[in-house]
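Remarks on the structure that follows.
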Amino acid sequence: MEKFLIFTIVGLSLSAIYAIISSGLVLTYTTTGIFNFAHGAIGMLAAFTYWQIRFQWGWPTPLALLLVIGVVAPLFGLVLERVIMSGLAGTSEATKLVVSISLLVGLIGLANLIWTPGQSRPMSTFFQGRSLDLGVTSITYHQAITIGVAIAVAIGLRWLLYRTRIGVSMRANVDDRSLALLNGARPDRIALISWAVGVGLAAVGGILIAPALSLEAGSLSLLIVNAYAAAIFGRLRSLPLTFVGAMAIGLTEGYLAGYLPGDNRYLAGMRPAAAVIILFLALLFVPNPRLRTRTQLREFFPSPSRSGTFVLAGVVIAVGVVMVTTLDSGSLISYGPVFSLGIVALSLVPLVGFAGQISLAQLTFGGIGAIAVAHHGGGGSPLGLVLAMVFAAAVGALIALPVMRLSGIYLALATAAFGVAMDRWIFNLPDFDLGPVRVSLFNVNSTSIDALSLFGYRFDTPGRQLMLSAVAFAVVAMLVAALRWSRWGRQLVAMRDSEVACATFGLDLRWPRVGVFTLSAAIAGLGGALYGMQLGTVSPSRYDLLTGLPIFILVVVGGAGLIGGALFAGISLFGLIPLTSGLGPLFAKINTITPGLAGIGLGRSPSGVVPLMSDGVAPLRRDRPALIAMVAAMIGAYALRLAGVIGNWPFAALVAAAFLVAGALATARASLAAGREREAAPQRKLADAGIEWAGIARAWSAADLAAMNEELSFDGTGKEGAAFVPARTGGPEPRGLGSLDDGPGVRSTGSAGGGSQAGRSDEEVVGGRA
């Protein structure tokens with residue numbers, strides 16, 4: 001009984017922390033419609049700030065708490081809403097998620113930039129070593145304070161939402177934003193207050209839980225995954241149900257810590273994965289309210305052209321050849337993942353870009369592919385790559401079937417829960433039997449992968465492996481483009497634009513959704529297998545959730561619906577970042593926050609940067625002489641590099657200079673042509689103007705007079721009507737088809753009405769006919 005009470009108190013303490021954190025998450029979502037994945041990272045940053053002020057600088061505890069929770073955290077929330085979140089109006093769920101996930105990655109990088117990772121930072125609890133005697137057991141002051149704070153938060157939020165004017169405005173803004181506006185509510189002010197309160201609650205939770213854990217940025221940030229499950233229990237709306245969910249999760253973790261056998265290797269990882277398993281089950285079985293949607297989104301991704309797709313594939317292979325022939329082995333190993341993990345990024349294009357579905361576990365599917373090729377690609381057998389795609393596709397289908405009714409943030413949370421469960425538990429299991437089948441994973445720590453052997457040719461060097469990945473990327477890119485051109489691809493795009501409209505036309509979207517999820521997992525499995533071949537030896541940490549988040553971020557930043565977006569992600573993450581990190585330790589630290597910074601600004605340009613880059617080089621694409629000159633200059637620089645005349649850095653400088661000069665020349669020529677076009681446009685417009693503008697916008701011509709006579713059915717013979725003669729304007733006057741005199745107006749040669757019109761002005765004639 002004593003043991004049960006001890007771990008009940010432990011569970012209640014965890015429940016209180018999860019309740020505090022998840023209540024802030026629910027508050028910001030219900031009032032702004034943005035699910036903040038960075039909520040845990042904000043709590044982590046607050047914990048680091050409190051440690052710095054309280055333990056490094058020696059400030060008193062009350063003053064440090066007041067500064068962090070009462071000043072720094074609310075101000076951070078205000079800045080966050082005003083600078084970042086307010087720009088997400090009218091964007092898709094994927095864009096909103098990318099911005100919040102980018103904030104998560106950026107804050108983790110910022111913490112590692114300020115506080116060197118790996119160092120011990122002891123953080124004592126409140127009233128360290130003191131406890132309250134409850135008879136059969138005891139409770140520490142820190143645990144009692146944590147439970148008391150949770151109760152105070154519950155009472156305070158209830159009072160805020162139901163007893164204050166701003167709280168009523170918050171609830172009204174959730175129920176009907178338009179009606180709230182008509183009644184004088186201010187949504188911008190409501191959003192500011194919600195983010196200030198939500199960030200403050202994240203700070204409280206981070207400070208309370210930090211003493212029980214090591215002060216490490218990644219683990220503290222991912223602790224929020226446990227609070228996600230509590231928020232889902234509350235259906236992202238109900239704070240009382242959120243607190244109930246937090247109690248269920250905290251008590252489950254407490255009892256697992258006390259009663260789960262510690263010597264069982266198969267169950268050792270179940271306790272850290274318990275919360276995400278509960279989250280996954282809650283997403284499946286708890287009814288989820290309809291997500292907030294808009295009928296008009298700001299993202300636009302055009303269908304890829306056939307010529308552009310083939311050119312892109314050729315450029316990828318050409319770049320691979322240049323890298324293989326110019327870089328040394330060490331550089332090839334560093335930049336090798338550009339194309340292999342670029343394939344993992346490419347797997348997101350049909351899923352996120354075409355279908356509008358969200359998956360945060362693509363690198364997890366890549367890990368499944370690596371496991372398959374490790375155990376079935378012995379001796380370099382190509383069967384390993386085939387099974388890597390088959391196994392990843394099978395797991396993707398198994399995950400997609402139960403979650404196919406989910407979309408938006410619910411699907412993102414389900415895939416995140418799956419990825420974390422694989423990281424914390426499944427990938428670390430020893431070998432086991434599943435009926436007659438022997439299942440082997442990463443052999444507890446790591447496993448080796450043999451290089452591919454195809455028709456007797458072994459891809460056993462970094463250069464060959466990079467070239468293999470480049471060709472694979474080009475082939476998969478063309479297949480993805482072919483999918484976009486197909487009927488299935490058009491169905492996926494229609495599903496992304498409006499599932500309601502698809503249902504109205506009788507389209508069954510269940511199987512297209514499962515199919516694209518399966519295909520995406522298969523592509524990710526291929527990319528993960530090729531990446532594993534490049535590494536030679538792989539471990540679960542290579543395929544965890546945090547490692548995969550920057551890939552997801554940069555694909556959407558590049559353009560989720562574009563093949564170029566995947567290439568942008570691969571080049572940015574595994575080309576530019578390693579390149580600049582080699583310039584010094586400072587650049588390496590700054591690069592830890594680069595993916596996050598790139599994603600944070602996505603709300604300003606939700607279609608991504610690739611369309612902007614495409615618009616920038618459009619003059620060069622249209623200027624064939626400049627394009628040919630640029631290619632010739634690049635080939636010349638490449639020849640000089642192969643001949644050993646220049647090194648890699650001068651070669652890169654020459655290539656960049658050729659591109660910049662050709663681009664500037666094409667832009668200048670396009671500007672000149674546009675200037676001439678603007679100058680000629682008025683004259684051409686006048687020349688092309690209709691007959692009604694003759695004599696007003698331009699001088700009369702013989703063609704104008706003939707057209708007017710024909711329009712008015714004047715033949716000048718006296719049988720049909722009078723010939724039209726324009727008034728003299730000072731120059732030689734064209735003659736009509738009829739007999740004209742030298743005076744103004746029109747002289748009749750016999751009209752249909754038989755009346756003479758001689759001496760009447762043009763205005764009178766026109767007015768009379770009108």
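How high is the relative contact order of the chain? Use alpha-carbon pairs under 8 Å, at least six apart in sequence, and give a whole percent. Relative contact order comes out at 16 percent. Compared with the alpha-carbon gap, the fully stretched path from ILE155 to ALA643 is longer by 168.1 nm at 0.36 nm per residue. Were the residues from LEU181 through LEU401 laid out at 0.36 nm apart, the gain over their Cα-Cα distance would be 75.1 nm. The Cα center of region 508-581 and the Cα center of region 614-651 differ in position by 29 Å.
Projecting label points 7 angstrom from Cα along Cα→Cβ for ILE635 and LEU672 puts them 2.5 nm apart.
Among PHE427, PHE127, the order of accessible area from largest down is PHE127, PHE427, computed with a 1.4 Å probe on protein heavy atoms. Heavy-atom accessible surface of LEU479, to the nearest 10 Å², is about 110 Å², with a 1.4 Å probe and all protein chains retained. Take PHE4: with every protein chain present and a 1.4 Å probe, its accessible area is about 80 Å². Highest mean packing first, where packing is the average number of other Cβ atoms within 10 Å per residue, the peptides 394-407, 38-51 line up as 38-51, 394-407. Net charge dipole, region 424-491: roughly 460 debye, given to the nearest 20, about the Cα centre with Cβ charges of +1 for Lys and Arg and -1 for Asp and Glu. Computed from backbone phi with θ = phi - 60° and the Karplus coefficients 6.51, -1.76 and 1.60, the 3J(HN,Hα) list for region 506-513 is x, 7, 8, 8, 5, 6, x, 5 Hz; x is used for glycine and proline.
Evaluated with a Cβ-only charge set (Lys, Arg +1; Asp, Glu -1), region 18-169 carries a dipole of roughly 220 debye about its Cα centre, given to the nearest 20.
Under a 5 Å amide H cut-off, with hydrogens placed 1.01 Å from N, TRP700 pairs with GLY695 among residues at least 5 apart or on other chains.
Averaged over its residues, the chain has an accessible area of 45 Å² per residue, based on protein heavy atoms and a 1.4 Å probe. These residues, TYR162, TYR638, TYR531, go from largest to smallest accessible area, 1.4 Å probe, as TYR162, TYR638, TYR531.
Round to the nearest 0.05 the FRET efficiency obtained for ALA503 and ALA699 when R0 = 60 Å and r is the Cβ-Cβ distance. Efficiency, from the Cβ-Cβ distance: 0.45.
For region 12-54, the square roots a ≥ b ≥ c of the C-alpha gyration tensor eigenvalues yield an a/c of 1.5 or more together with a/b not exceeding b/c, which makes the shape oblate. Near VAL439, the amide H atoms lying under 5 Å from its own belong to PHE432, ASP433, LEU434; only residues 5 or more places off or on other chains count, and H is placed 1.01 Å from N. A dipole drawn for the chain from +1 and -1 charges on Cβ atoms has a positive end, and of THR91, ALA64, ALA522 the residue lying farthest that way is ALA64. Selection among PHE391, LEU640, ALA38 by position relative to the dipole of the chain gives ALA38 as farthest towards the positive end (Cβ unit charges, Cα centre). Taking 7 Å steps out from each Cα toward its Cβ at TRP485 and ALA268 produces label points 5.3 nm apart. Ordering 249-255, 316-322, 262-268 by mean Cβ neighbour count within 10 Å, with the highest value first, yields 249-255, 316-322, 262-268.
Of the accessible area of region 344-402, with the probe set at 1.4 angstrom, what percent is carbon plus sulfur? The computed percentage sits at 79.
Roughly how many percent of the accessible protein surface of region 500-566 is carbon and sulfur, given a 1.4 Å probe and a whole-percent answer? Heavy-atom surface of region 500-566 belonging to carbon and sulfur, 1.4 Å probe: 65 percent. In loop segments of region 185-243 as defined by DSSP, the trypsin sites (Lys or Arg not before Pro) with at most 14 further C-beta atoms inside 10 Å of their C-beta are ARG237.
Rounded to 0.05, the FRET efficiency of the SER453 and THR537 pair, given R0 = 22 Å and the Cβ-Cβ distance, is 0.75.
Region 318-351 and region 127-148 have Cα centres lying 55 Å from one another. Between ASP615 and PHE285, the FRET efficiency from the beta-carbon distance, with R0 = 51 Å, is close to 0.60. Would you mind classifying region 198-270 by shape? Square roots of the alpha carbon gyration tensor eigenvalues, ordered a ≥ b ≥ c; an a/c under 1.5 is rounded, otherwise it is prolate if a/b is larger than b/c and oblate if not. Oblate.
Taken about its Cα centre, the chain carries a charge dipole of about 1040 debye when Lys and Arg each add +1 at the Cβ and Asp and Glu each add -1 at the Cβ.
Taking every Cα-Cα distance in region 201-344 and sorting them into 10 Å bins from zero, the calculated P(r) comes out as 9, 22, 20, 18, 21, 11, 0 percent.
When nucleic acids and ligands are ignored and a 1.4 Å probe is applied, LEU363 ends up with an accessible area of around 10 Å².
Considering only LEU612, LEU360, LEU492, and ranking their Cα positions along the charge dipole of the chain that arises from unit charges at the beta-carbon of Lys, Arg, Asp and Glu, the one farthest toward the positive end is LEU360. Labels on offer are (1) 48.9; (2) 39.0; (3) 37.0, and the one holding mean projected area of the Cα convex hull in nm² computed from this structure is (1).
For the pair THR580 and ASN443, the difference between a 0.36 nm per residue extended length and the Cα-Cα distance amounts to 45.8 nm.
The values are calculated or read from the model by the stated rules, or taken from the named source; none is laboratory data. On a predicted model such as this, the values are computed, not experimentally measured, just so you know. Using ideal geometry, Cβ is built from the backbone for each residue, glycine included, and neighbour counts are taken over all protein chains shown. Ligands, DNA and RNA are excluded from the accessible area calculation, which covers all protein heavy atoms including side chains. Shrake-Rupley method; radii C 1.70, N 1.55, O 1.52, S 1.80 Å.
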